[in-house]
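Encoded as structure tokens, the structure appears first; notes follow it.
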Amino acid sequence: MADLEQFRTQARAWLAANCPAAMRLPLEDDEDRCWGGRNFKFKSEGQRLWLERMAARGWTVPEWPREYGGGGLSREEAKILRAEMRKLGCRSPLDSFGIWMLGPALLKYGTPEQKRQYLPPIARGEIRWCQGYSEPNAGSDLASLATRAEDAGDHFLVNGQKVWTSYADKADWIFCLVRTDRAAPKHLGISFLLFDMRSPGVSTKPILLISGKSPFCETFFDNVRVPKGNIVGEINKGWEVAKYLLTHEREMISSIGVTAGRPLGQVAADSLGTDAGILADTCLRADIARFEIDAFAFRLALERTGDLAKAKQASPAISSMLKYYGAELNKRRHELLMSAGGAEALEWEGQRSRGGDAARSWLRSKANSIEGGTSEVQLNVIAKRILELPGA
Ligand SMILES: Cc1cc2nc3c(=O)[nH]c(=O)nc-3n(C[C@H](O)[C@H](O)[C@H](O)COP(=O)(O)OP(=O)(O)OC[C@H]3O[C@@H](n4cnc5c(N)ncnc54)[C@H](O)[C@@H]3O)c2cc1C
């Protein structure tokens, strides 16, 4: 405990000395997020400096081993670091599919060479990754995917199409599910392949969303040459890697349910006013209180699950429970932000610092119960693997 308190004091002092003032302000829009990668343009010098300093210390991935660019922290130390960052209001130095999804899969299934090649650039934010799972006829039924990788001697030739590939037009590399054995039962003929998005034959076409933004694409592969060494795990056993990665994706999505932002009560008080310090709208007040209690309970559930996982007592299916609830919670939060924001929340081109992005964010939140596997699919997993209900 004394060691942990010492770590807390040191971490707090380091953060206070090294986190630029502008990186302690709340995010105003998507451009405030740092995604890194070959083509990333830093919005400010502070943003660049913050990433550089955190990466040098291994704190973009505090729990990864030092040899792969991590901080080598224990779970308890990483928890303290996150808490101290929250207290100071520090922004995340780096948002990354490499950190949230691919990294954990590489740590478990990658060869030593693959770990050395891919993990440090992920930790430093040098390579931005996208996820090539979904296809026009393979979403919830992901194992029906048809993109194929054919053996062409020392390399594979990849042909097919992915869809809903988030940031495919901005990503440097893709982790992609491909069919390598068309004769095998569908779960057994899939491999997990990594390749550069600059490879000849890769093209992307952005898809416009209801929010007016275009964060994802259709992605096409036309005779893309991929070295055979770029397979993670064994050939035709990529489904195992894919499922493991999904548990991390789902846990990452679940955490949006408890993302810190301006407290709902404060947003409502600022735009609707108060009567002797109390919100006049009793229904809204009760809804906000109910939300805050549920969010607090969910935060504790996330903590408990982390402890269970550390003790190797958590079911892999627990990520479905967390993803389901975290997504529903975040959708509720955005509904409440719309109610609490009053007429200003409806502004489409409003001043973002005054909450003018609320309508777009509310529309974006609708996708939380689709991305990473729909809520219906999570409920099926919970019914089968956690509640062990009889199948239909
Ligand atoms: C914002 C966003 C970002 C995304 N980013 C990526 C990405 O980067 N990479 C990627 O590969 N994919 C991505 N996706 C795709 C996402 O994983 C799929 O949309 C999701 O898995 C659902 O597949 P689908 O869209 O084909 O819907 P479908 O599978 O066609 O489902 C349609 C409806 O049927 C329901 N349904 C289907 N099967 C069942 C069942 N067995 N029981 C009950 N109900 C069922 C579903 O719940 C849904 O309501 C993203 C999606 C969104 C919305």
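The values are calculated or read from the model by the stated rules, or taken from the named source; none is laboratory data. What you see is a predicted model; the values in this text were computed from it and never measured. Every residue, glycine as well, gets a Cβ built from its backbone with ideal geometry; the counts of neighbours run over all protein chains shown. These area figures cover heavy atoms from the full protein model, side chains too; ligands, DNA and RNA do not enter into them. Shrake-Rupley method; radii C 1.70, N 1.55, O 1.52, S 1.80 Å.
Could you please let me know if Asn159 is within 12 Å of the ligand (Cβ to nearest atom) and either open to solvent by less than 20 Å² (accessible area, probe 1.4 Å) or over 21 Å from the mean Cα position of the chain (by Cα) (or both)? Answer is no for this residue.
Got at least one residue in segment 211-225 being among the small types (Gly, Ala, Ser) and touching a Gly at 6+ places or on another chain (Cβ under 9 Å)? No, segment 211-225 contains no residue that is among the small types (Gly, Ala, Ser) and touching a Gly at 6+ places or on another chain (Cβ under 9 Å).
Across segment 138-150, the qualifying residues are those that are open to solvent by 50 Å² or more (accessible area, probe 1.4 Å) and either near the ligand (Cβ under 8 Å from one of its atoms) or closer than 16 Å to Ser96 by Cβ (or both), and the one among them that is farthest from the chain's Cα centre (by Cα) is Asp141. Lys108 meets all of the listed conditions (1) open to solvent by 20 Å² or more (accessible area, probe 1.4 Å); (2) away from the ligand (no atom under 16 Å from the Cβ); (3) not in a helix (DSSP H, G or I); (4) not acidic (Asp, Glu) but one, namely (3). Residue pairs whose Cβ atoms lie under 6 Å apart, sitting 6 or more positions apart in sequence or on different chains, and linking a residue in segment 371-389 that is under 17 Å from His248 (Cβ atoms) and among the β-branched types (Val, Ile, Thr) to a partner that is open to solvent by 80 Å² or more (accessible area, probe 1.4 Å) and near the ligand (Cβ under 10 Å from one of its atoms), are Val377/Ser140.
When you go through Asn159, Asn137 one by one, which is the residue that is assigned by TED's automatic domain parsing to the domain that holds Pro227 and without any contact (Cβ under 8 Å) to a residue 12 or more places away in the chain? Answer to the selection: Asn137.
As a summary of the residue check, Phe175 satisfies the conditions (1) touching a residue at least 24 places away in the same chain (Cβ under 8 Å); (2) surrounded by fewer than 20 Cβ atoms within 10 Å (Cβ to Cβ); (3) within 11 Å of the ligand (Cβ to nearest atom) except for the one numbered (2).
If the condition is being of a type in the set (D, E, K, R) and either away from the ligand (no atom under 11 Å from the Cβ) or modelled with pLDDT of 95 or more (or both), then segment 211-226 contributes Glu218, Asp222, Arg225. Residue selection: Arg290 fails the criterion of being more than 16 Å from Arg262 (Cα to Cα), within 16 Å of the ligand (Cβ to nearest atom) and assigned to a helix (DSSP H, G or I). If the condition is being under 21 Å from Arg304 (Cβ atoms) and not in a helix (DSSP H, G or I), then segment 227-273 contributes Thr259, Ala260.
Within segment 191-210, if we keep just the residues that are hydrophobic (A, V, I, L, M, F, W, C) and assigned to a strand (DSSP E or B), the residue that is nearest to the ligand (Cβ to nearest atom) turns out to be Ile207. Note on segment 10-27: residues that are without any contact (Cβ under 8 Å) to a residue 40 or more places away in the chain and either over 17 Å from Leu94 (Cβ atoms) or open to solvent by 80 Å² or more (accessible area, probe 1.4 Å) (or both) amount to 4.
Number of residues in segment 73-105 that are part of a helix (DSSP H, G or I), modelled with pLDDT of 95 or more, closer than 19 Å to Val258 by Cβ and of a type in the set (D, E, K, R): the value is 1.
Filtering segment 38-57 to residues that are crowded, with 16+ Cβ neighbours inside 10 Å and within 13 Å of Arg128 (Cβ to Cβ) leaves Phe40, Leu51. Residues being of a type in the set (Asp, Glu), at pLDDT 90 or above and under 18 Å from Ala105 (Cα atoms) are represented in segment 245-255 by at least one member.
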